[in-house]
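Worksheet: one structure, shown below.
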Amino acid sequence: MVNPSTSSHTQPILIIGAGAFGLSTALELSSRGYTNITVLDRYPPPVPDGSSVDISRIIRTEYADPLYSQMAQEAMHGWRTQLKDYYHHSGFVMLSETAQNPYINKTLEIAHAEGKSLDEFVDGNCLKKMYPDIRADYGHLRAYHNSEGGWADAEGSIRYLSHQCSQAGVSFITGKRGTVKSLRRARSHVVGVNLLNGEFLPASQVILCTGAWSNLLLNLSHAASASGQPVGFIQLSPDEALRIQKIPVMINLSSGIFLFPPQPGTNILKVARHSYGFATSMPTDEDGRTVSSPKRDSNNADRSFLPEEADKALREGLRQLLPEFAEHSWLNRRLCWYTDTSEGDFVIDYHPELEGLFIATAGAGHAFKFLPILGRYVADRFENRVSDSIRQKWRLRLAEGEGNLKL
């Protein structure tokens, strides 16, 4: 059963999650005349352990999928206009240790079909002509370069978006009053949320934008899973930062290691890895299921800890790409929590069996770059304005044996 939006523009809408999905959706719905929107979260945005924050996120247009390629180009315009104060145009480089990489091959195919091209180098050392601050030996790496790309100040972008929401009349509830313990159901209808402090907050529509925490509230484990991806931060001296301030954002697609130019002002170097990630075991309040999720009742970014294997991988990535800093001590380390899907697609859909519940999650590690236009796509689906192909791509699939999903 398709659950169409039957809410009037004045009925209460609760958005759980103050990250990229939640804030962009709240702002877009507000711009469309919805006047009773409340965003709930454990912390005020920017949420300290959210996947949408810290000092940087990659902004690029290369995709091995036509829809995300189109969205990325639309978003790039937004980064260079309304969010220009948070965007750093450094250039973007994909590296590969093999002659053939399926993701790169498909990306190049789509780029060529759109009349675009990337700079391609069999010898990665050719990058040094454009980026003299690269001093390591990249001769064994293939390189694919696009000058249209860079990185964004993630925390600053989210803070800006939250201010925009407040100015638009969106309400925020945080702390224990903003921490959702469970969804309140009346038969097959979600009628609001139960809060950690014992309160019940009613709503005509609940929009779940909870990312890696989603499985604590709703069993989506068949569709999306949470994994912690390692991130490390190194404090550089002003002279060290100056030596590499003009490097591009780089990702080695063979290892999953990616890094950024040092952050202006703080001189912090960030390196991370996108791979299978790490799982944890957390019990749910409602039915006792055990799921992989970050902790709900504390800040998951507080501890400077990584598994030994993850620490070693980050060090090896630095030795390859920026070897002069490979042995520097960590300023901080943490796991950044992704919400992965089998095909890397978002889940943006009405729940097929629970009236009053809409889901916008599963960023799969790449949703943030769409921040300028993400809310528009979510709101279009909320109002049933998207094409059938997008609806199918982002639909919520039910687990085997759970009802029948009728489209």
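One residue stands out among those in the range 83-100 that are outside any strand (DSSP E or B) and closer than 21 Å to Y131 by Cβ: the one that is least open to solvent (accessible area, probe 1.4 Å), which is G91.
For the residues L253, L208, the requirement of being open to solvent by 30 Å² or more (accessible area, probe 1.4 Å) and in contact with a helix residue (DSSP H, G or I) (Cβ under 9 Å, 6 or more places away or on another chain) singles out L253. Only one of the numbered conditions (1) modelled with pLDDT of 95 or more; (2) open to solvent by 10 Å² or more (accessible area, probe 1.4 Å) is violated by I234, and that is (2). For the range 282-308, the candidate set comprises residues that are more than 14 Å from S214 (Cα to Cα) and touching a strand residue (DSSP E or B) at 6+ places or on another chain (Cβ under 9 Å); within that set, the residue that is modelled with the lowest pLDDT is R303.
The residues of the range 135-192 that are out of contact with any strand residue (DSSP E or B) (no Cβ under 8 Å at 6 or more places or on another chain) and of a type outside the set (G, A, S), listed by number, are R135, D137, H140, E155, I158, R159, Y160, L161, H163, Q164, Q167, R187.
Here's a check for you: in the range 132-143, which residue that is out of contact with any Lys or Arg (no Cβ under 6 Å at 6 or more places or on another chain), open to solvent by 20 Å² or more (accessible area, probe 1.4 Å) and not small (G, A, S) is farthest from E316 (Cα to Cα)? That would be P132.
Restricting the range 14-70 to residues that are under 18 Å from A362 (Cβ atoms) and of a type in the set (S, T, Y), the residue that is most open to solvent (accessible area, probe 1.4 Å) is S51.
Regarding the range 261-282, can at least one residue be identified that is open to solvent by less than 10 Å² (accessible area, probe 1.4 Å), hydrophobic (A, V, I, L, M, F, W, C), without any contact (Cβ under 8 Å) to a residue 12 or more places away in the chain and not in a helix (DSSP H, G or I)? No: zero hits. Among the conditions (1) touching a Gly at 6+ places or on another chain (Cβ under 9 Å); (2) outside any loop (DSSP other than H, G, I, E, B), I247 misses just one, which is (2). Restricting the range 315-370 to residues that are aliphatic (A, V, I, L, M) and open to solvent by 20 Å² or more (accessible area, probe 1.4 Å), the residue that is modelled with the lowest pLDDT is L335.
The values are calculated or read from the model by the stated rules, or taken from the named source; none is laboratory data. Owing to the predicted nature of the structure, the values given are computational and were not obtained by experimental measurement. So basically every Cβ, Gly included, is an ideal-geometry build from the backbone, and we count neighbours across all protein chains shown. Accessible surface is based on the protein model in full, side chains and every heavy atom, while ligands, DNA and RNA are left aside. Shrake-Rupley method; radii C 1.70, N 1.55, O 1.52, S 1.80 Å.
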